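This report concerns only the one structure given below.
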Amino acid sequence: MSEDNKNRAQFATRLGVVAVTVGSAVGLGNIWRFPYEAGANGGAAFMLLNLLFVFVIGVPVMCAEFVIGRHTGANVRGAFRRLSPGTGWGVVGYIGILSSVLILSFYSVVAGWTMEYIWRSVAGFGGMHADAESLHSQFDEFAAGNVRPAMWTVLFLLCNYAILARGVEKGIERVSNVLMPLLFVILFAFCVHSLCMPGAAEGLGFLFRPDFSQITPSVVLSAMGQAFFSLSLGLGCLITYSSYFSRRTPLVKTAFLTASLDSFVAIVAGVIIFPAVFTFGQEPAAGPRLVFEVLPAIFAEMAGGAVWSALFFVLLFTASLTSTVSMSEITIAWLCDDMHMSRRRATRINIGVAMLLGTLCALSFGCLNGVRMFGMTLFELFDYVSSNVLLPVGGMIISVYAGWVLDRKVMRSELAPATRRGRALVGTLVFCMRCVAPVCILLVFLAGLGLLPV
Ligand code: PFF
């Protein structure tokens, strides 16, 4: 670690490191995005592809980000500038900062929806019925209403401000330590409930019985984009976070643990959602609205449903918060370290830009619905461009850099294999960084965009 990093903030405990890293990974990507992407892309086959990408590409790229971040102790832009000054590698820093702002904007809209649903749960869902028709219209009326979605987006971003302005250890770590374990417990309870529904067999079949005829290049690209999005990879979020790791944090273990827990939560979310989708006769390919139509239907049927519903959306809200805090930290760390701004000022700028873009995304379900680029609303465009383009491209550059340019000694000392098996594992990870990840990402990316004849 270089001289100027000695005063850098650090996460205080090992548990804290796991909680913040898992806190970043687990969020709307697992509980909202995974079910609707799986629903729209053929269910089980999508899930299997996604798992393959998580472990074959995701874990090696995550290790690459950890090594670069902890070794340099810098933000995403500064890390590459320190390692390879005066070269073009720093561009990955700008890709990361741009992606983080785009994701923060549309993500905050969905997190804002969770706040509306907390409010509705407390108000008893206005005598809601669990039939597909009324669930559909309730969500439509809300999302097209302009004022409330935009208001919740802004409020959600203000909550981010409150945590971020307090700094790394006090703000981020404390919140994650308490909320992540609670989320796991409640998800498990809902999972058991869903398995008792009449549509359970059909729902589980959809999620676990693969139909490989459903796989097209664009499905493969979406499965890869989902892996990057869900693991918070490719934009330097984990470079930034690992710059706060202590030397004692075992990087490989942390990467495997994060990837496993993250995938587990996504599968559990699928087990909760799909039995209900088939029980209530809904369409698995409903898109971003899916979870917000299906979950209230589950709660409407449960004894004490309003309480469960409020609890669930509070936890979903907090899972979103631990993720948005991590993506904001990318830009804030850059502004503080490289632009020499105070933490408060950097936070204000980051949140201010997200408020502006987030409001536009919120309105794209209402009065801006007609504004489209490449056939997509602003919300859809931000999601598509960041997840399916910027994150894989960023991940590919990071992986190539770690595999081919970074000094091997740095890699060995950061990943520190102690046993023979550990050395073999690290060897495999480095091989994936050098060859497997970049080639796979490039092929999937080109094929998914229709640039390869397949
Ligand atoms: N991984 C988060 C989720 O699944 O909800 C989303 C995310 C967080 C993406 C942080 C990118 C990021 F930098």
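No lab work stands behind these numbers, since they all come straight from the coordinates. Please read these numbers as outputs of a predicted model, since none were measured by experiment. Note that we place each Cβ from the backbone using ideal geometry, even for glycine, and neighbour counts take in every protein chain shown.
Just a few scattered comments:
- C-alpha center-to-center spacing [region 401-444, region 277-305] in angstrom: 42 Å
- Between 0 and 90°, nearest 10: helix 437-448 axis offset from the chain longest Cα axis: 40 degrees
- The residues packed around residue 222, meaning those with a beta-carbon under 12 Å from its beta-carbon, carry a net charge of -1 if Lys and Arg are +1 and Asp and Glu are -1.
- Calculated mean residue ellipticity at 222 nm for the chain: -22000 deg cm²/dmol, from DSSP H runs with n ≥ 4 weighted as -39500 (n - 2.57), summed, divided by the residue count and rounded to 500.
- Cα-based helix-to-principal-axis angle, 132-143 vs the chain, degrees rounded to 10: 60 degrees
- Convex hull projection area averaged over all views, region 248-392, Cα basis, nm²: 12.8 nm²
- Taking 1.002 mPa s as the viscosity and 20 °C as the temperature, the Stokes-Einstein diffusion coefficient of the chain based on its alpha-carbon Kirkwood radius rounds to 97 µm²/s.
- Label-point separation in nm, residue 408 to residue 420, each point 7 Å along Cα→Cβ: 2.1 nm
- Inter-probe distance in nm under a simple model that places probes 7 Å from Cα toward Cβ, at residue 158 and residue 253: 4.3 nm
- From the C-alpha gyration tensor of region 34-124, square roots of 5λ in Å: 34, 21, 12
- Computed from Cα atoms, the angle from the helix 147-164 axis to the main principal axis of the chain rounds to 30 degrees.
- Between residue 285 and residue 137, the FRET efficiency from the beta-carbon distance, with R0 = 30 Å, is close to 0.95.
- By the Stokes-Einstein formula, at 1.306 mPa s and 10 °C, region 145-281 with its Kirkwood radius over alpha-carbon pairs has D equal to 86 µm²/s.
- Relative contact order %, region 9-135, counting alpha carbon pairs below 8 Å whose residues are six or more apart: 13 percent
- Cα→Cβ-extended label distance, 7 Å offset, between residue 13 and residue 340, nm: 3.8 nm
- With a Förster radius of 30 Å applied to the C-beta separation of residue 216 and residue 94, the computed FRET efficiency comes to 0.40.
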